[in-house]
1. Is there any pair linking a residue in region 2-31 that is in contact (Cβ under 8 Å) with a residue 12 or more places away in the chain and at positive phi to one that is surrounded by fewer than 20 Cβ atoms within 10 Å (Cβ to Cβ) and part of a loop (DSSP other than H, G, I, E, B), with Cβ under 7 Å and at least six apart or on different chains, and which?
2. Regarding region 26-44, can at least one residue be identified that is within 19 Å of residue 83 (Cβ to Cβ), surrounded by fewer than 17 Cβ atoms within 10 Å (Cβ to Cβ) and in contact with a helix residue (DSSP H, G or I) (Cβ under 6 Å, 6 or more places away or on another chain)?
3. Given the criteria within 30 Å of residue 35 (Cβ to Cβ) and either crowded, with 17+ Cβ neighbours inside 10 Å or in contact with a strand residue (DSSP E or B) (Cβ under 9 Å, 6 or more places away or on another chain) (or both), does residue 99 qualify?
4. Name the single residue, out of those in region 176-192 being modelled with pLDDT of 95 or more and part of a loop (DSSP other than H, G, I, E, B), that is surrounded by the most Cβ atoms within 10 Å (Cβ to Cβ).
5. Does residue 201 fit the bill of being out of contact with any helix residue (DSSP H, G or I) (no Cβ under 9 Å at 6 or more places or on another chain), within 17 Å of residue 73 (Cβ to Cβ) and modelled with pLDDT of 95 or more?
6. One residue is enough: does region 48-55 have a residue meeting the conditions surrounded by fewer than 21 Cβ atoms within 10 Å (Cβ to Cβ), free of Cβ contacts under 8 Å to residues at least 12 places away in the same chain, in contact with a strand residue (DSSP E or B) (Cβ under 9 Å, 6 or more places away or on another chain) and under 20 Å from residue 19 (Cα atoms)?
7. Taking into account only those residues within region 1-58 that are part of a helix (DSSP H, G or I) and under 15 Å from the mean Cα position of the chain (by Cα), which is farthest from residue 95 (Cα to Cα)?
8. Since residue 152 meets every condition but one in (1) touching a helix residue (DSSP H, G or I) at 6+ places or on another chain (Cβ under 6 Å); (2) at pLDDT below 95, which condition does it not meet?
């Protein structure tokens, strides 16, 4: 069961997405991130049904947990998060994010997840209106705004989707984190920060570069 908590809302945090990492050397990849004082590691879980791709399940999360004390931010891009979330929590996930379209009663599910000891998030897809998650968002610890269509890494940033952070910040105030995922690099990270985000998922921008330290430094410099 996850016991680690997200950093306080408002602190700017880069959350490396291991979807883009070298899976043959995953422990080393994660250790490099921890050495860079990364507080959050983002885990993209896909089922080949809700999104057109398949990634990994609880056994991989269990092994990742052994190699890092960072918050494991687990993004469930799956059709049935109610069925599988408990397994990810047992494996060591600290934070569970689900898609609003996949749960009949989101507010009840948020409570169920909290009762299992994790923090909770809900996701806004590029085409989904902010109003769809308005009620659930205020009950979460972090809201995730997808700035690409979920399912694959390496897509181009959708600025119109990112602008939803402005309205979300008005809804949730300053005590709830807003995370952005998709096309985040040194050219877009300051833009989404200015829209109101404080958590920035980066995959290719980090793991697509040979020098991970330099890649993170570029992102941090762009944030400043």
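The values are calculated or read from the model by the stated rules, or taken from the named source; none is laboratory data. None of these values were measured; they are calculated from a predicted model. With ideal geometry, Cβ positions are generated from the backbone for all residues, glycine too; neighbour counts draw on all protein chains shown.
1. What qualifies is 10/174.
2. Within region 26-44, not a single residue is within 19 Å of residue 83 (Cβ to Cβ), surrounded by fewer than 17 Cβ atoms within 10 Å (Cβ to Cβ) and in contact with a helix residue (DSSP H, G or I) (Cβ under 6 Å, 6 or more places away or on another chain).
3. No: the conditions fail for residue 99.
4. Checking each candidate, the answer is 184.
5. Considered against the rule, which asks whether it is out of contact with any helix residue (DSSP H, G or I) (no Cβ under 9 Å at 6 or more places or on another chain), within 17 Å of residue 73 (Cβ to Cβ) and modelled with pLDDT of 95 or more, residue 201 comes out as yes.
6. yes
7. If we take residues in region 1-58 being part of a helix (DSSP H, G or I) and under 15 Å from the mean Cα position of the chain (by Cα), then 20 is farthest from residue 95 (Cα to Cα).
8. So residue 152 meets the others, but not (1).
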